[in-house]
Each structure stands twice: as structure tokens, then as C-alpha cells.
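*Asks:* Next up is a structure, given as C-alpha cells.
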Amino acid sequence: ENEIQRLKLAIEELSLLNELAIAASSSSDIQATLNIIIQKSIKAVKAEQGSIKLISSHSERMLETFIHQENISKRAIPFKVGDHIIGWVLAHGQALIVDNLAIDPRFKITAKEQQDIHTVLSVPIVFAGKIMGVLTLINKKTKEPFNLDDQRLMSILAAQAGQLIRNSQLQEDHIKKKQLEHELQIARQIQLSLLPRENPKIAQ
């Protein structure tokens with residue numbers, strides 16, 4: 001039975017990574033890629049909500065947030081708590097499972113946050129040995145805590161997500177560069193069109 005369970009988990013992992021790769025390869029838009037990753041993550045571990053925070057190159061906004069909700073009738077994740085959890089993951093460079101946020105001494109939360117968030121799974125997204133963001137999942141639909149199988153699956157997914165996100169960023173940068181070159185070419189043509197076709201004649 002244990003061997004069958006291991007084989008089942010392996011098949012689920014391969015299927016998830018294959019679905020993720022196929023879906024993400026169809027889009028060069030970073031927003032779409034991030035949303036696909038979150039959607040697949042939510043489905044894989046039966047979470048209520050998920051988010052990705054990417055480390056930004058802009059110092060004034062270190063973390064950029066991308067949120068997807070499985071149930072749109074619920075409000076978005078309270079990211080005051082999310083920032084504490086994500087800060088822990090960034091500081092320690094490892095995955096985090098919170099079984100019961102209300103009693104976890106590492107995180108101070110408000111009564112409202114305690115009501116909204118119960119269990120958390122957060123894993124670093126790594127590319128080329130560096131953390132580029134954090135994938136966070138909130139509340140299992142089964143009302144159970146996230147487990148080590150969930151953590152393992154999301155860690156595997158996050159490893160592939162890092163490559164997919166980087167590919168999307170490079171494609172997006174390439175598209176923006178091409179657009180800029182096109183705009184500069186148009187500007188150059190406009191400038192040239194304003195110049196006289198012949199050298200002006202100066203009266204003697």
C-alpha cells in the first residue's frame with residue numbers, strides 16, 4: 001500500500017508539472033504565467049487562496065503581489081500577515097507550514113486575521129540559486145493543516161515555476177525592447193520627414 005501511494009504521488013507530481021509547463025508555455029505575459037502557477041497550486045493542494053510575491057528590482061516596492069482566489073466571493077488574503085510569513089521564508093530560505101496561525105508564537109495577528117487565516121503553506125521560488133519570490137497558499141478546503149506531501153509537491157512546483165517566471169520575464173523584456181526600437185524608428189522617420197528634401201538656397 002505504501003508503494004502504491006508513492007507511485008500515486010509521483011504520477012500526480014509529473015502530471016502537475018506537465019500541466020504547468022504546457023499552460024505556461026502558451027503565454028509570454030508574466031501576469032498570465034503567475035496566475036497559471038497559482039491556479040495549479042491551489043488545485044493541487046486544495047487550498048482556498050494563493051498568492052505569489054516576487055522580489056522587485058525597484059527598491060521602493062521590494063515585493064510585488066499577485067493574488068488569485070479560488071472562491072471570488074471571499075476577500076483577498078490579508079497581506080499584513082502574509083508579509084510576516086513571507087519575511088520568515090525569505091529570511092530562512094526554506095518552506096514553512098503553519099498548522100494553526102492563531103496560536104503560532106512567531107506571528108502576531110489581529111482578531112480579524114485570526115478569523116480569515118487558519119493554515120498556511122509558503123515556499124520560496126528559486127532560480128539560479130537565488131530566491132526570486134514566494135508562493136503562499138492559505139486554508140485547505142478540507143479544514144485540515146497542510147502536510148509534508150503538500151510541502152514537497154509545492155516545493156517541486158516552485159522550482160519549475162522559477163524557470164517559467166524567468167522565461168516570461170525575458171520574453172516580456174524582449175517584447176518591450178522591440179516595441180521601443182519600433183517607436184524610436186517611427187520617431188526617426190518623423191524627424192527625417194521634417195527636414196527639407198533639398199539644401200536651402202542662400203541669396204548672394
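No value in this document is a laboratory result; all are computed from the given coordinates. A quick note: this is a predicted structure, and the numbers were derived from the prediction, not measured. With ideal geometry, Cβ positions are generated from the backbone for all residues, glycine too; neighbour counts draw on all protein chains shown.
*Asks:* Using amide H atoms built 1.01 Å from N in the peptide plane, name the residues 5+ places from residue 127, or on other chains, whose amide H lies under 5 Å from its own.
*Replies:* 132
*Asks:* Taking R0 as 25 Å, what's the FRET efficiency between residue 166 and residue 187 from their Cβ-Cβ distance, rounded to 0.05?
*Replies:* Efficiency for this residue pair is about 0.20.
*Asks:* OK, next. Could you calculate the contour length gain from residue 176 to residue 19, that is, 0.36 nm times the residue separation minus the distance between their Cα atoms, to one decimal place in nm?
*Replies:* 53.7 nm is the gain from fully extending residue 176 to residue 19.
*Asks:* Given a cut-off of 28 Å, name the pairs among 112/143; 43/178; 43/112; 8/53; 40/108; 43/176 whose C-alpha atoms lie farther apart than that in the structure shown.
*Replies:* Result: 43/178; 8/53; 40/108; 43/176 exceed 28 Å.
*Asks:* May I pose another question? Determine, from the Cβ-Cβ distance of residue 92 and residue 46 and an R0 of 25 Å, the FRET efficiency 1/(1 + (r/R0)^6), rounded to the nearest 0.05.
*Replies:* 0.45
*Asks:* Between residue 8 and residue 130, 0.36 nm times their residue separation minus their Cα-Cα distance comes to what?
*Replies:* The span from residue 8 to residue 130 would gain 40.8 nm if fully extended.
*Asks:* If you filter segment 149-197 for trypsin sites (Lys or Arg not before Pro), then keep DSSP loop positions with at most 14 other Cβ within 10 Å, what is left?
*Replies:* 197
*Asks:* What is the local net charge at residue 152, summed over the other residues whose Cβ is closer than 12 Å to its Cβ (Lys, Arg +1; Asp, Glu -1)?
*Replies:* So the surrounding residues net to -3.
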